[in-house]
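The values are calculated or read from the model by the stated rules, or taken from the named source; none is laboratory data. No experiment lies behind these values; they were computed from the predicted model shown. All Cβ positions, glycine included, derive from the backbone under ideal geometry; neighbour counts span all protein chains shown. Ligands, DNA and RNA are stripped out before the accessible areas are found, and what is left, the full protein with its side chains, is counted by its heavy atoms. Shrake-Rupley method; radii C 1.70, N 1.55, O 1.52, S 1.80 Å.
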Amino acid sequence: MNFSLYKQMMRTNMKGIMSYGVGSAFYILLILGIYPSIAGNAEDIEKMIKSMPEGFLNAFGFENGLGNLEDFMSGEYYGLIFIVILSIFSVMLSTKLLAKLVDQGSMAYILSAPTTRGKVAFTQAAVLTTGLLIIMAVTTAAGLAGYHLMLGGDYDFNVSRFLVLNLLGFLLFFAVGGISFLFSAISNDEKRALGLSGGITFLFFSFDLLGKLSEKTEWMRSLSVFSLFRPGDIVNGSADIAQVSLVLAAVGFAAFALSILIFKKRDLPL
């Protein structure tokens with residue numbers, strides 16, 4: 001890894017990374033802030049939820065209802081808003097770290113220094129991964145601090161499952177980020193890379209969403225990496241944490257490794 005390039009890229013992108021981190025923290029604090037009013041009307045809300053179609057509840061993460069704080073957070077935040085925020089971040093930053101530099105000619109300047117393409121690609125992958133870690137750390141810290149400061153321990157909260165939820169969230173976007181980084185590595189044009197990585201991420205999301213709606217379309221979930229991240233199952237303890245973690249980590253490592261290999265071998269525009 002090129003540490004000088006890593007430090008420069010982290011300085012360049014830190015403001016954007018923290019913006020996503022603060023945005024994620026804001027939403028999770030908002031969810032915690034409204035939970036007491038939801039818990040106070042839990043029976044009425046549960047009746048309303050049970051009257052909705054099962055496919056709708058599955059699609060938006062409310063299959064567990066609102067039995068406790070973890071169920072509420074998994075449905076209201078981790079089931080949709082979290083996915084959207086981290087998907088945008090992964091697609092945008094992965095494109096910026098490789099394809100945009102090639103498109104603008106800045107990559108030629110970077111490669112003129114005493115370094116190799118492999119080190120440059122590995123360094124940029126490390127920047128993307130670090131960014132994801134920072135966002136997840138901020139999100140996790142906000143959730144734990146918000147629970148203690150805003151709710152004061154008045155509601156049951158399984159901290160270990162919340163931590164696992166965020167760990168698997170990181171691994172999901174380690175995989176999504178790796179796939180987006182792969183499209184950035186094969187593209188000379190920023191818009192093409194953005195379109196390809198954004199398109200495949202949206203397609204994965206759509207397959208997962210449509211697959212939740214009914215048994216007839218459930219097969220579509222097998223086509224999406226997002227199907228491995230099931231917040232409702234994680235917080236109720238029914239998810240196979242070890243298997244999901246290994247699959248997501250394997251997808252991420254494979255995608256990043258292939259990206260670095262392709263970037264080392266392919267022709268770059270002068």
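Consider Asp103 carefully, then state whether it is modelled with pLDDT under 85 and either open to solvent by 60 Å² or more (accessible area, probe 1.4 Å) or not aromatic (Phe, Trp, Tyr) (or both). The answer is no for Asp103. The set of residues in the stretch 227-238 being hydrophobic (A, V, I, L, M, F, W, C) and either closer than 20 Å to Ser184 by Cα or open to solvent by 30 Å² or more (accessible area, probe 1.4 Å) (or both) consists of Leu228 alone. Being more than 15 Å from Leu86 (Cβ to Cβ), at pLDDT below 95 and either of a type in the set (S, T, N, Q) or touching a Pro at 6+ places or on another chain (Cβ under 6 Å) (or both) holds for only one residue in Ser245, Ser187, and it is Ser187.
For Phe157, the conditions (1) within 16 Å of Ile28 (Cα to Cα); (2) part of a helix (DSSP H, G or I); (3) open to solvent by 10 Å² or more (accessible area, probe 1.4 Å) are fulfilled apart from (2).
Scanning the stretch 122-145 for residues that are of a type outside the set (A, V, I, L, M, F, W, C) and either farther than 16 Å from Phe174 by Cα or open to solvent by less than 10 Å² (accessible area, probe 1.4 Å) (or both) yields Thr123, Gln124, Gly131, Thr139, Thr140, Gly143.
Among the residues in the stretch 80-89, are any modelled with pLDDT under 90 and within 30 Å of Asp154 (Cβ to Cβ)?
Of the stretch 80-89, the ones modelled with pLDDT under 90 are 80.
From what is left, the residues that are within 30 Å of Asp154 (Cβ to Cβ) are 80.
Yes, the stretch 80-89 has at least one match.
Residue count for the stretch 145-180 under the criterion of being within 30 Å of Ile262 (Cβ to Cβ) and aliphatic (A, V, I, L, M): the result is 7.
Report yes if Thr123 is part of a helix (DSSP H, G or I), over 12 Å from the mean Cα position of the chain (by Cα), among the polar types (S, T, N, Q) and under 23 Å from Leu196 (Cβ atoms), otherwise no. It is true that Thr123 is part of a helix (DSSP H, G or I), over 12 Å from the mean Cα position of the chain (by Cα), among the polar types (S, T, N, Q) and under 23 Å from Leu196 (Cβ atoms).
Checked against the criterion of being open to solvent by less than 40 Å² (accessible area, probe 1.4 Å), charged (D, E, K, R) and at pLDDT 80 or above, the stretch 1-10 has no qualifying residue.
Check the stretch 239-260 and report whether any residue there is open to solvent by less than 70 Å² (accessible area, probe 1.4 Å), in contact with an Asp or Glu (Cβ under 6 Å, 6 or more places away or on another chain) and either touching a residue at least 60 places away in the same chain (Cβ under 8 Å) or over 30 Å from Met107 (Cα atoms) (or both). Working first, answer last.
Of all residues in the stretch 239-260, those open to solvent by less than 70 Å² (accessible area, probe 1.4 Å) come to 239, 241-242, 244-245, 247-252, 254-257, 259-260.
Filter once more, keeping what is in contact with an Asp or Glu (Cβ under 6 Å, 6 or more places away or on another chain): 239.
Filter once more, keeping what is either touching a residue at least 60 places away in the same chain (Cβ under 8 Å) or over 30 Å from Met107 (Cα atoms) (or both): 239.
Scanning the stretch 239-260 turns up at least one residue that is open to solvent by less than 70 Å² (accessible area, probe 1.4 Å), in contact with an Asp or Glu (Cβ under 6 Å, 6 or more places away or on another chain) and either touching a residue at least 60 places away in the same chain (Cβ under 8 Å) or over 30 Å from Met107 (Cα atoms) (or both).
If you scan the stretch 166-192, which residues turn out to be out of contact with any Leu (no Cβ under 9 Å at 6 or more places or on another chain) and within 21 Å of Gly118 (Cβ to Cβ)? The answer is Ile179, and nothing else. Listed by first and then second residue, the pairs with beta-carbon distance under 8 Å, at least 6 apart or on different chains, first residue in the stretch 151-170 and among the small types (Gly, Ala, Ser), second crowded, with 17+ Cβ neighbours inside 10 Å, are Gly153/Tyr147; Gly169/Tyr78; Gly169/Phe82; Gly169/Leu86; Gly169/Met136; Gly169/Thr139; Gly169/Phe229. Among the residues of the stretch 108-121, the ones that are under 11 Å from Leu261 (Cα atoms) and open to solvent by 60 Å² or more (accessible area, probe 1.4 Å) come to 2 in all.
Can you name the number of the only condition in (1) out of contact with any Asp or Glu (no Cβ under 6 Å at 6 or more places or on another chain); (2) surrounded by 18 or more Cβ atoms within 10 Å (Cβ to Cβ) that Glu190 fails? With respect to (1) out of contact with any Asp or Glu (no Cβ under 6 Å at 6 or more places or on another chain); (2) surrounded by 18 or more Cβ atoms within 10 Å (Cβ to Cβ), Glu190 is out only on (1).
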